[in-house]
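Here the structure is laid out as structure tokens; the discussion comes afterwards.
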Amino acid sequence: MLRLHEHPLSPYAQKVKITLRAKQVPFELLRPQGLGSGLADDAFAKGNPRREVPFLVDGDLRIFDSTIMLEYIEEKWPSPALMPNAPARRAMIRMIEDVMDTHFEAVTWGLGEVKYFRRATGARAETIRARAADQLAGRYRWLEEQLGDADWFTGDSFGRADLSVVPYVNAASGFGFPPPRGGALAAWLGRVNAVPAVAETAAEAEASIAGIGQAYRAVESGGFRRHYRDHRLEWMIRTGGIDIVTTGLERGDIRFTDGFD
Ligand SMILES: N[C@@H](CCC(=O)N[C@@H](CS)C(=O)NCC(=O)O)C(=O)O
């Protein structure tokens, strides 16, 4: 059986779980020990140089990166298809997925750094949240344009683009920034969250939020070294947190990418 190493709050892992569930492919879920500490356990680290979730094991095959997993799953279990055939539509779907995995995720990740890991508090946290709200408003406008008058981002039915958008919009909503009320995106969000594969996955994410209320203490005690990279690192700097990065690096509770060294 497929084994998926994951964390329920990881939007990347949610993409993979929704895909497998929509296709009714059985899989086993595993939660790696030490995720986020920079000291992940051996079973998880083997064949997974990035030490990230999701990490998919299918027999001898080990795959990192959610987008690569979604491609693999679609090729191995083509039915029901979550990607339409038209090349232009496929290109659009891949662009939407990439925007969500990078530009949108940067904001929800940053809000998590402030809320759960207390990288900023008080007025400073409010300033960062206000900037995040502006950024999300722009991303929501872009998503509304992509959706247009359609019911689904993917095309005629629920599919790859929808499952790539929903984890991030649910996360932003959880931080208090839902799509504009009464708009097409809000209506789509209601529709997509009613898809059983999405509902099950979103419920797991919701249930796990309760467990991370004290996560900042793990950072303070040195047990948790947050991974700052790529779009996330850029977001923290451009949203006013360059000193958060330098302080975290000095204290050792922020790290850059390792695993290939
Ligand atoms: N591009 C990767 C990103 C995966 C990723 O960033 N995963 C995060 C959790 S959301 C992670 O495992 N980070 C490891 C860590 O913090 O140590 C994908 O699409 O799967």
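Sorting check: for 158-170, 19-31, 228-240, 212-224, which peptide has the highest mean count of neighbouring beta carbons within 10 Å, and how do the rest follow?
158-170, 228-240, 19-31, 212-224
Provide the packing ranking of 107-118, 243-254, 89-100, i.e. peptides ordered by the mean count of other C-beta atoms within 10 Å per residue, highest first.
With the highest mean Cβ count within 10 Å placed first, the list reads 107-118, 89-100, 243-254.
Among ILE73, ILE209, which comes first, second and so on when ranked by fewest other beta-carbon atoms within 10 Å? Don't skip to the end; give the middle numbers.
Details: ILE73 22, ILE209 13.
Going from least to most buried by this count: ILE209, ILE73.
Could you line up TYR72, TYR140 from fewest to most neighbouring Cβ atoms inside 10 Å?
In increasing order of surrounding Cβ atoms, one gets TYR72, TYR140.
Alpha carbon centre of region 174-215 versus region 89-155: separation in Å?
If you average the Cα positions of each part, the centres end up 13 Å apart.
Treating cross-link reach as a plain straight distance, find the lysines whose alpha-carbon is under 19 Å from the alpha-carbon of LYS76, omitting any fewer than eight places away in the same chain.
Cα-Cα hits under 19 Å: LYS15, LYS17, LYS23.
Amide H neighbours of LEU2 under 5 Å, counting only residues 5+ apart in sequence or on other chains, H built in-plane at 1.01 Å?
GLU28
How long is the gain from ARG191 to ASP98 if the chain were fully straight, where each residue apart is worth 0.36 nm and the alpha carbon distance is subtracted? Kindly include the intermediate steps, with their values, before the conclusion.
On the way: separation 93, 0.36 × 93 = 33.48 nm, distance 2.20 nm.
Gain on extension, ARG191 to ASP98, equals 31.3 nm.
Using all Cα-Cα distances in region 188-261, what percent lands in each 5 angstrom bin from 0 up to the longest?
That works out to 3, 13, 15, 15, 15, 15, 12, 9, 3, 0, in percent per bin.
Please give the charge dipole size of the chain, origin at the Cα centre, charges +1 on K and R Cβ atoms and -1 on D and E Cβ atoms. Round to the nearest 20 debye.
Numbers: 33 positive and 35 negative charges, 101 e Å.
Roughly 480 debye, rounded to the nearest 20.
Here, each number is a calculation from the coordinates, and none is a lab measurement. Worth saying up front: this structure is predicted, and the values here are computed from it rather than measured. Using ideal geometry, Cβ is built from the backbone for each residue, glycine included, and neighbour counts are taken over all protein chains shown.
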